[in-house]
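Visitor: Below is a structure I'd like to ask you about.
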Amino acid sequence: MEESARDWLERRAEGFLRKVGLAEGDTVLDFGCNEGNYAAPAARIVGKAGRVYALDKDTEALQEIAQASKQKGLHNIRCLQVPEDGDIPLPCCSVDAVLLYDVLHRGYFPEHARRMKALRSICRVLKGRGMLSFYPTHLKKYGMTFDKALSEVEAVCFTSREESRRRLVHDGRLTRGRVFSYRKRGTCGQER
Ligand SMILES: C[S@@+](CC[C@H](N)C(=O)[O-])C[C@H]1O[C@@H](n2cnc3c(N)ncnc32)[C@H](O)[C@@H]1O
């Protein structure tokens with residue numbers, strides 16, 4: 001990872017995630033967390049009263065997070081390993097916010113049906129009016145467009161799109177990207 005990216009993660013990532021909408025006490029799901037670049041600052045924001053579920057299909061990445069969070073004293077991170085097409089192992093309407101950064105593209109989800117399944121699963125675990133923060137990447141490489149990627153999200157259960165152009169870390173580098181915030185449409189009648 002480049003030094004500037006490491007520095008941003010240490011000093012700026014919390015500010016970035018607060019602007020995205022994370023707050024103390026939230027339950028957050030980092031879907032496709034990899035080594036936890038965003039899970040760790042999210043855990044600092046939500047604090048003792050909150051929780052971050054770091055979800056990935058990759059066992060090694062999750063082992064890394066588990067070890068690093070122990071060292072950093074971030075006891076509010078829970079690692080969730082899922083099989084590639086597995087549902088999210090969390091109850092319905094249990095999460096305030098989902099981070100979906102650099103995951104939902106054709107590299108990992110080649111078929112439209114699989115992307116929709118993942119989005120429906122995210123929708124299921126979000127509370128009513130819960131927030132999805134979406135950072136679509138690698139679109140051109142796989143013959144996608146922003147419009148197409150966003151229309152897939154909006155076809156599921158998300159509304160009130162807001163876009164911001166932000167500095168953030170992607171693939172070990174500091175870059176500027178288009179980050180989209182959505183709200184879950186309606187409730188599922190099982191709010192906690
Ligand atoms: C490029 S990394 C992005 C990591 C992190 N979100 C970030 O922005 O720094 C994508 C991660 O998504 C995970 N992933 C891909 N497909 C997945 C799936 N179906 N279920 C869970 N995790 C998946 C990969 O294992 C990888 O760790």
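Visitor: Shape call for the range 91-192 from the C-alpha gyration tensor, a ≥ b ≥ c root eigenvalues: rounded (a/c under 1.5), prolate (a/b greater than b/c) or oblate? Each step should come with its number before you reach the end.
Guide: Numbers: a/c = 1.99, a/b = 1.50, b/c = 1.33.
Prolate.
Visitor: Another one. What is the sum of charges around Gln67, taking Lys and Arg as +1, Asp and Glu as -1, for the other residues whose C-beta is under 15 Å from the C-beta of Gln67?
Guide: Numbers: positive: Lys70, Lys72, Arg78; negative: Glu35, Asp56, Asp58, Glu60, Glu64.
Here the charged neighbours net out to -2.
Visitor: Given axes a ≥ b ≥ c from the Cα gyration tensor, I'd like to know whether the range 1-85 is rounded (a/c under 1.5), prolate (a/b larger than b/c) or oblate. Could the numbers behind the result be given before it?
Guide: Numbers: a/c = 1.56, a/b = 1.18, b/c = 1.32.
It is oblate, given that a/c is not under 1.5 and a/b is not larger than b/c.
Visitor: Count the DSSP beta bridges whose two residues both fall in the range 3-184, then state the antiparallel fraction as a percent rounded to the nearest 5. If you can, show how the numbers build up before the last one.
Guide: Details: 15 of 34 bridges.
About 45 percent, rounded to the nearest 5.
Visitor: Count charges around Thr159 for me, please; just the other residues with Cβ under 13 Å from its Cβ, Lys/Arg as +1, Asp/Glu as -1.
Guide: Numbers: positive: Arg129, Arg161, Arg183, Lys184, Arg185; negative: Glu154, Glu162.
The answer is +3.
Visitor: Now a separate question. I need Cys33, Cys92 ordered by Cβ neighbour count within 10 Å, fewest first.
Guide: Details: Cys33 27, Cys92 15.
Arranged by neighbour count, lowest to highest, Cys33, Cys92 become Cys92, Cys33.
Visitor: Give the average over all directions of the projected area of the C-alpha convex hull of the chain, one decimal, in nm². Intermediate results must be reported in sequence, preceding the final value.
Guide: Numbers: hull surface 39.9 nm².
So the mean shadow area of the Cα hull is 10.0 nm².
Visitor: What's the magnitude of the charge dipole for the range 3-184 around its Cα centre, counting Lys and Arg as +1 and Asp and Glu as -1 at the beta-carbon? Answer in Debye, nearest 20.
Guide: Values: 32 positive and 24 negative charges, 116 e Å.
Computed about the Cα centre, the dipole is about 560 debye.
Visitor: With label points built 7 Å along Cα→Cβ from the Cα atoms of Asp87 and Glu154, find their separation and express it in nm.
Guide: 2.9
Readers should treat all values here as calculations from the given coordinates under stated rules, not as data from a laboratory. The structure displayed is predicted, hence computed values, not measured ones. With ideal geometry, Cβ positions are generated from the backbone for all residues, glycine too; neighbour counts draw on all protein chains shown.
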